[in-house]
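Data first, discussion second: the structure below is written as structure tokens.
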Amino acid sequence: MNSKESIKYELNKLGTDAKDISDILKGKITDKSFKIEYQKWYTKAIGLVSFLAPDRASEFKSYYEIDPKRKSLSWGTWVIQDYVKGVAPILNGFDSAEQAGSCLFNQHSLLQSLNSRIDGVLANAELSIYAEIKDAELSSCNQLIKISPRAAGALAGVVLEGYLQKVAENHNVVIKKKSPTVADLNDPLKKEDIYDIPTWRKVSYLADIRNLCSHKKDDEPTKEQVRELIDGVNWVTKNVF
């Protein structure tokens with residue numbers, strides 16, 4: 001299985017396991033311990049939530065972890081950790097198993113909602129790794145500029161071109177040419193609002209320097225221009241996703 005399939009499989013498995021754990025609470029399954037099965041489930045689930053939706057990890061935890069600032073035990077402050085510890089408020093009608101099931105249901109619902117985030121998270125992770133690889137190539141450009149500014153600029157241009165192509169693929173932006181240049185990529189990315197006009201202008205300027213380095217002309221690119229290109233490509237890989 002690839003990463004996407006693996007994550008979807010894990011989400012579905014956690015969903016099935018959550019239902020089984022809920023049945024333990026309801027007394028439908030008697031040969032398993034809620035404490036043991038839930039702790040195993042929670043450890044896997046919080047890891048997946050933290051990866052796919054770090055912005056919702058604290059919400060997921062809040063159904064299990066006791067708030068250290070809690071001043072009283074009530075319907076609204078009681079959590080699964082209290083059930084594990086055998087703690088319950090003295091309130092009419094309060095059913096610990098039922099409340100634990102409600103907290104588990106909320107966690108399960110949050111977890112299943114993350115299916116829509118898988119593609120985006122993996123695309124950004126892949127792009128981040130790709131950018132790190134490109135950092136090494138840009139480092140080579142900085143060394144090469146001492147020997148040949150033109151060659152260093154040409155290499156930086158290849159890095160920019162490859163990176164923008166990766167961005168286009170991740171956003172499903174259609175590029176008509178099979179071997180697109182920076183200019184061929186720049187306009188569609190702006191048109192699809194992947195980045196704004198100032199960024200489009202910046203990329204256009206970098207493309208001009210790249211063309212100066214890649215094509216034999218009377219004018220030689222200066223070291224300052226090539227450094228601008230390298231720094232600009234570095235900026236793009238850190239700010240365009």
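The values are calculated or read from the model by the stated rules, or taken from the named source; none is laboratory data. Here the structure is a predicted model, which means the values were calculated and not measured. Glycine also receives a Cβ, built like all others from the backbone with ideal geometry; neighbour counts cover every protein chain displayed. Protein only, heavy atoms only, side chains kept; ligands, DNA and RNA dropped before computing areas. Shrake-Rupley method; radii C 1.70, N 1.55, O 1.52, S 1.80 Å.
For this structure, a couple of remarks:
- In this structure, LYS146 and SER109 have a Cβ-Cβ separation that, at R0 = 51 Å, corresponds to a calculated FRET efficiency of about 0.30.
- Residues ASP31, ASP82 ordered from highest to lowest accessible area at a 1.4 Å probe: ASP31, ASP82.
- ³J(HN,Hα), Karplus 6.51/-1.76/1.60, whole Hz, each residue of region 172-184, x for Gly, Pro: 6, 7, 6, 10, 5, 6, 6, 10, x, 8, 4, 4, 5
- Rough spin-label spacing in nm, given labels placed 7 Å along Cα→Cβ, for ILE197 and SER3: 3.6
- Percent RCO, i.e. relative contact order, over the chain, from Cα pairs under 8 Å lying at least 6 residues apart: 17
- With contacts taken as Cα pairs under 8 Å and at least 6 residues apart, region 1-119 reaches a relative contact order of 33 percent.
- Taking all protein chains as they are arranged and a probe of 1.4 Å, the heavy atoms of THR181 leave approximately 60 Å² accessible to solvent.
- Over region 126-241, relative contact order from alpha-carbon pairs under 8 Å, at least 6 apart, %: 34
- About its Cα centre, region 135-241 has a charge dipole of approximately 180 debye under the convention of +1 per Lys or Arg Cβ and -1 per Asp or Glu Cβ, with nothing else charged.
- Summed over the residues of region 1-99 and divided among them, the accessible surface reaches 62 Å² per residue at a probe radius of 1.4 Å.
- Accessible heavy-atom area order of TRP75, TRP41, highest first, probe of 1.4 Å: TRP75, TRP41
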